[in-house]
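The structure under discussion appears below in the form of structure tokens.
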Amino acid sequence: MVVSDEFVGQNPIQRWERVSPSWTALKAAAIISVTSAELLAMDRLILWDALQDGNPLFDRGVRREAAARFRRKKEAGEIVPIEGGWRVAEPPSRLSPGPSPPIAAGPLSQGSRVHRRVFTLVHGPGV
């Protein structure tokens, strides 16, 4: 992953064209190019993977800040790593009055009201 604010206004192909000449290794690589704001927004699963398992080679502080935000989300139970993906809890909508009705059967709801919807996002080849 390459984080640079010089990518602002560039599409993914333009970003790849800018970064790929620097990758001289014989092995194939998926180069992820994002801006600081995109990394801090953490709105792509691949960024969660990078923050979870990545090893920074150089960081001016934005990765450290994103990793701290990501860690806080995991500690709060908003993002939970699971086998092959992530489990994500969505807080109740601010527009809906009162608690949300049950949306799931089984251990999550236990017959009571569920106050958070939970989604499992699985990623991998072709997803």
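Throughout, read-outs are computed from the coordinates displayed, never taken from laboratory work. Just so we're clear, the structure is a prediction, and the values are computed from it rather than from any experiment. FYI the Cβ positions are ideal-geometry reconstructions off the backbone, even for glycines, and counts take in every protein chain you see.
Sparsely packed loop sites in segment 1-68 (the GluC sites (Glu not before Pro) outside DSSP H, G, I, E and B with at most 10 other Cβ atoms within 10 Å) do not occur. Given contacts defined as C-alpha pairs under 8 Å and at least six residues apart, what's the relative contact order of segment 1-75, whole-number percent? Value for segment 1-75: 32 percent. Between Ala68 and Glu83, the contour length at 0.36 nm per residue exceeds the alpha carbon distance by 3.2 nm. Here segment 1-19 is scanned for amide nitrogen atoms under 12 Å from the site 7 Å beyond the Cα of Ala29 along Cα-to-Cβ, giving 1-3, 19. Using the Cβ-Cβ distance between Gln52 and Asp5 with R0 set to 25 Å, the FRET efficiency from 1/(1 + (r/R0)^6) comes to roughly 0.60. Summary of the geometry: segment 13-38 and segment 42-67, compared by the centres of their Cα atoms, lie 15 Å apart.
The ranking of Ile46, Ile13 from fewest to most other beta carbons within 10 Å of each one's beta carbon is Ile13, Ile46.
Among the chymotrypsin sites (Phe, Trp or Tyr not before Pro) within segment 1-95, those in coil by DSSP and having at most 14 neighbouring Cβ atoms inside 10 Å are Trp23, Phe58.
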